[in-house]
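The values are calculated or read from the model by the stated rules, or taken from the named source; none is laboratory data. Just so you know, these numbers come straight off a predicted model, no measurement behind them. Backbone-built Cβ (ideal geometry, glycine too); neighbour counts: all protein chains shown.
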Amino acid sequence: MFKIFKIILLTFLGTMCIVPIIYLLIFSLAENWFYPQILPSNLTWKHWKYITQSGNNLLSGFILSLFISTSVGLVSTFAGFITSRFIIKSKNKQTWLFLTYLPFVFSPVILGISVFVIFLKLNLAGTFIGVSLAQLLIIYPFATLFFVGFWNNKHKQLEEIAKTMGANSFQVYQYVLIPASTGMLMVCFFQSFLLSWFEYGLSSRIGIGKVKTLTIIVFQYINESNSIYAALACCLIIIPPTVLLILNKRILFRKIA
Amino acid sequence: MILESMWLKSKLNSFGFILLCCLNIIPLACGFIYSLAYSFGLVGIGNGFTLVHWKKILFDFHIYFSFAYSFYIAIVALLIIVFTSLFFAINFKKKLSKGYFSYLLHIPLAIPAIVAGFLSFQLFSKSGWISRFFLSLGFINTNSQFPDIVNDDFGISIIITHVFIAIPFFTIYFLKLYQSENLELFSNASFTLGANHFQTNQKIIIPILLKAAFPVILLYLLFLFGSYEIPLLLGSQSYEMVSVLAERKLQRFDLNDIPGGYVIAIIYFLVTSIFVYQSNRIKNNFNHV
């Protein structure tokens, strides 16, 4: 009896994981899907073909999101790597850690409300650079916290050996610390990329509707009650990270605990 | 050589400090000071120092209700998430650690809040897929008989959506903790000493997992407390979570509402800061035990 109950629960969990993607895919291909039909009467590629047509914002949103996420991921990974070293070595470690935690745990929307005027005064509101910098406000602390837990005695010993052999601080980074941390740098970049790829609150506030990332486009379609195109945009958001997550499952979560 | 090395070292350390200041401390401090100044009428539409906006917000029942409502959503969702994930991680650890299920479990991690909110709306609304399914089974005769799950006052759809997003993440997290904390050894020792499965889980595995995951659980509570996209899409008109309320106040056409939005932002800032400070203290106490 308990075994059957376990099988039912496991099936439920598996279904819960796979249904969203299947549902969104069907929805993006649906034509004439009216109440109370359980499945659409017809499936068509015409909505997907819309992506390649000129003048639509889905492809441009996809490319823009890709640019922002890649640049934010790269900058936050390297900035977090260097800052985490500073925090670990600092006498005021707890204070710096507390300050690093703050923006990361804030609601992005409320953070956006508070810092909006700075971006406005610097003429960064509604620009690609402005949105990227705004995203850095939450993703850079994430990357810093990610690496704070990474440094251990092994890295300290490696650094000391390199210094004993005459390496300066830049060389220690260049030839010892960065090569020894390549795996974790990749993991951090990928997770930072995902955080940026999924970001909505700060991007909508700082982007003031001019910088249309994929999440902003989804919301725009939802507001217009254009559910099929919203589903299409949702597919564009979730398919690339799903593929990457499955491909990199082992590397990504090896050190999560 | 020594001088050059010291100079480079201090330069790199300074660079870390400069980055922390430029990308974290200065924007945060500027945002806080500006919000404070706006809420006291010193900048923006104000004509000078005033406590009117603070009094207006602090004597407004809706604000307290919004904070309480956000806390209710966060706590209920978190309790369901943590205990369901624990249940799955403990009872299905072998199935979920390898094979197809381990891959399936990673899929929801690629679903952002906005997509989850949209999906929940499509599934749970009166004309959604579940309503259609119930109609086809004959459980309901029209869509009006389907219960109000979306945009309801109890935030059921908000809780369901958060639970859906977070259960796979916490299950994976608990599975990894199970390995890193060597719980297999502990449970074997417990069985050898005569404990049954229930006792082993209750006295050893669950306490160790909860203690190890406590900082992450606390941070997730804050994340749920400040969530925006999901309550924006699925929340009710009458009860709003804090982020939605603050954003709405700032987007109104009535300019007099803007300082109120900044007051809420400051209260949220203070509540979150106290929470982070306390959770850091608890975490440090845990580490010292």
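What are the residue pairs meeting all of these: first residue in region B:40-55, first residue among the hydroxyl-bearing types (Ser, Thr, Tyr), second residue part of a loop (DSSP other than H, G, I, E, B) and buried (at least 17 other Cβ atoms within 10 Å of the Cβ), Cβ atoms under 8 Å, and 6 or more apart or on different chains?
B:Thr50/B:Phe40; B:Thr50/B:Gly41
Hey, can you tell me all the residues within region A:143-182 that are within 12 Å of chain B (Cβ to nearest Cβ), in a helix (DSSP H, G or I), of a type in the set (Gly, Ala, Ser) and over 17 Å from A:Phe86 (Cβ atoms)?
The answer is A:Ala162, and nothing else.
Does A:Ser84 qualify as being touching a residue at least 12 places away in the same chain (Cβ under 8 Å) and within 12 Å of another protein chain (Cβ to nearest Cβ)?
Taking the combined requirement at face value, the residue satisfies it.
What are the residue pairs meeting all of these: first residue in region A:54-69, first residue assigned to a helix (DSSP H, G or I), second residue at pLDDT 90 or above and of a type in the set (Phe, Trp, Tyr), Cβ atoms under 6 Å, and 6 or more apart or on different chains?
A:Ser69/A:Phe193; A:Ser69/A:Trp197
From B:Ser102, B:Ser120, B:Ser157, which residue is assigned to a helix (DSSP H, G or I), free of Cβ contacts under 8 Å to residues at least 40 places away in the same chain and among the small types (Gly, Ala, Ser)?
B:Ser102
Out of all the residues in region A:160-178, is one or more surrounded by fewer than 20 Cβ atoms within 10 Å (Cβ to Cβ), of a type in the set (Asp, Glu), free of Cβ contacts under 8 Å to residues at least 60 places away in the same chain and in contact with a helix residue (DSSP H, G or I) (Cβ under 9 Å, 6 or more places away or on another chain)?
no
Given the residues B:Ile158, B:Ile172, which is the only one that is crowded, with 22+ Cβ neighbours inside 10 Å and under 30 Å from B:Ala68 (Cβ atoms)?
The conditions single out B:Ile158.
Is it true that A:Leu185 is at pLDDT 85 or above, crowded, with 18+ Cβ neighbours inside 10 Å and more than 12 Å from chain B (Cβ to nearest Cβ)?
yes
Could you figure out which of (1) touching a Lys or Arg at 6+ places or on another chain (Cβ under 6 Å); (2) more than 11 Å from chain A (Cβ to nearest Cβ) isn't true of B:His106?
Against the list (1) touching a Lys or Arg at 6+ places or on another chain (Cβ under 6 Å); (2) more than 11 Å from chain A (Cβ to nearest Cβ), B:His106 comes up short only on (2).
Could we say that B:Leu78 is crowded, with 20+ Cβ neighbours inside 10 Å, more than 23 Å from the chain's Cα centre (by Cα) and either within 12 Å of chain A (Cβ to nearest Cβ) or under 15 Å from B:Phe170 (Cβ atoms) (or both) here?
So B:Leu78 fails the test.
Looking only at region A:219-257, which residues are under 17 Å from A:Tyr50 (Cα atoms), within 8 Å of chain B (Cβ to nearest Cβ) and modelled with pLDDT under 90?
A:Ser227, the sole residue that qualifies.
Could you list, in sequence order, the residues of region A:102-121 that are more than 18 Å from B:Ala37 (Cβ to Cβ) and free of Cβ contacts under 8 Å to residues at least 60 places away in the same chain?
Passing the criteria: A:Leu102, A:Pro103, A:Phe104, A:Val105, A:Phe106.
Residue check, B:Ser97 against (1) modelled with pLDDT under 90; (2) more than 29 Å from A:Leu9 (Cα to Cα), all met but one. Which one?
All conditions pass for B:Ser97, except number (2).
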